[in-house]
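One structure below.
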Amino acid sequence: MVRDGKPKGFFYLDHRTVDARLAIITDTCTTPANVHDSIVYLSRLDHQRARFGFAVGAVGLDAGYATAGIAKGLEDRQILGVTGYRNPTPPKPGMMRKSKFIFEAEADGYRCPQGQVLAYATTDRHGYRHYRSDPAICRTCPLLASCTTNAKAIRTITRHVWAEARERADAHRLTPWGKAIYKRRKETVERSFADAKQLHGHRYARFRSLIRVSSQCLLAAAAQNIKKIAMAMTRNPEPAPA
């Protein structure tokens, strides 16, 4: 695993899903740490919907799941997704951010701060559309030094083919119900992981091999669920309305 602010090394990841009401762990999936969170998400969501018959209306996800693919997948499943926000990777000091370029759907291009439209060039196999500037214009631009270090004086901006779905998902986070869902996520799944680390030895893998670590994660989830269910069953029922 190689991540900013994390130790470099060999690790495993436990991907969990919990319900919003009681924080019962409904799914746990173990992968090597070099598998990104977003890779397994939609398949695990479909697995739970099929196995338990869940009628999922909305999901709250952290910033690691804020991808165009997940946003499009949730829309296709008619599920409202609320994802966290993560600042884009900062450019080199003194270089211009992508946010300075305005996307114009009518022209299918990005307009730079100097007014030039970066035209569509190609789409790569990962689904990103590439928009490139005209080097003849860029060479005389006063912002060239802070815009690109390309030897041919070309600035390239990429945009995923499902970027609009991602933008709609980002807008959910700013709505009152979106804020409530995201707040609930922090109170459930984050606490579930904290309890696992603090009380169930989840900071370290006790074994080697994916199947053995998966067993450790399942046992920890089972122990936590037993406690959650016991607390729910002994909770005083709310008085019936008069």
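The values are calculated or read from the model by the stated rules, or taken from the named source; none is laboratory data. In this text, all values refer to a predicted model and were calculated from it rather than measured experimentally. Heads up, the Cβs are rebuilt from the backbone with ideal geometry, glycines too, and the neighbour counts pull from every protein chain shown.
General remarks:
- Within the range 65-82, being hydroxyl-bearing (Ser, Thr, Tyr) and either free of Cβ contacts under 8 Å to residues at least 60 places away in the same chain or assigned by TED's automatic domain parsing to the domain that holds residue 149 (or both) holds for one residue alone: 65.
- Hey, residue 59 in the same structural domain as residue 210 (by TED's automatic domain parsing), buried (at least 16 other Cβ atoms within 10 Å of the Cβ) and assigned to a helix (DSSP H, G or I) or not: no
- The listed residues are 93, 113, and the only one of them that is surrounded by fewer than 13 Cβ atoms within 10 Å (Cβ to Cβ) and within 27 Å of residue 131 (Cα to Cα) turns out to be 93.
Here's the yes/no breakdown for (1) part of a helix (DSSP H, G or I); (2) surrounded by 14 or more Cβ atoms within 10 Å (Cβ to Cβ):
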{"residue": "165", "(1), (2)": "yes, yes"}
{"residue": "177", "(1), (2)": "yes, no"}
{"residue": "194", "(1), (2)": "yes, no"}
{"residue": "202", "(1), (2)": "no, yes"}
{"residue": "233", "(1), (2)": "yes, no"}
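- Within the range 3-18, the residues that satisfy the criterion of being in contact (Cβ under 8 Å) with a residue 12 or more places away in the chain and either out of contact with any His (no Cβ under 8 Å at 6 or more places or on another chain) or of a type in the set (A, V, I, L, M) (or both) are 10, 11, 12, 13, 15, 16, 17, 18.
- Of the residues making up the range 42-55, one or more are of a type in the set (S, T, N, Q), part of a helix (DSSP H, G or I) and within 18 Å of the chain's Cα centre (by Cα).
- Looking across the range 36-67 at every residue that is out of contact with any strand residue (DSSP E or B) (no Cβ under 6 Å at 6 or more places or on another chain) and of a type in the set (Phe, Trp, Tyr), the one that is nearest to residue 185 (Cα to Cα) is identified as 41.
- Any hit, the range 19-39, residues being part of a helix (DSSP H, G or I) and either under 26 Å from residue 176 (Cβ atoms) or in contact (Cβ under 8 Å) with a residue 12 or more places away in the chain (or both): yes
- Selection from the range 204-230 of residues that are in a helix (DSSP H, G or I), more than 26 Å from the chain's Cα centre (by Cα) and loosely packed, with under 11 Cβ neighbours inside 10 Å: 226, 230
- So residue 71, is it over 30 Å from residue 186 (Cα atoms), in a helix (DSSP H, G or I) and of a type outside the set (Val, Ile, Thr): no
- Screening the range 29-47 for residues that are crowded, with 16+ Cβ neighbours inside 10 Å and of a type outside the set (Ser, Thr, Tyr) and picking the one that is modelled with the lowest pLDDT gives 37.
- The range 142-187 - residue that is among the hydroxyl-bearing types (Ser, Thr, Tyr) and free of Cβ contacts under 8 Å to residues at least 60 places away in the same chain and, of those, nearest to residue 129 (Cα to Cα): 158
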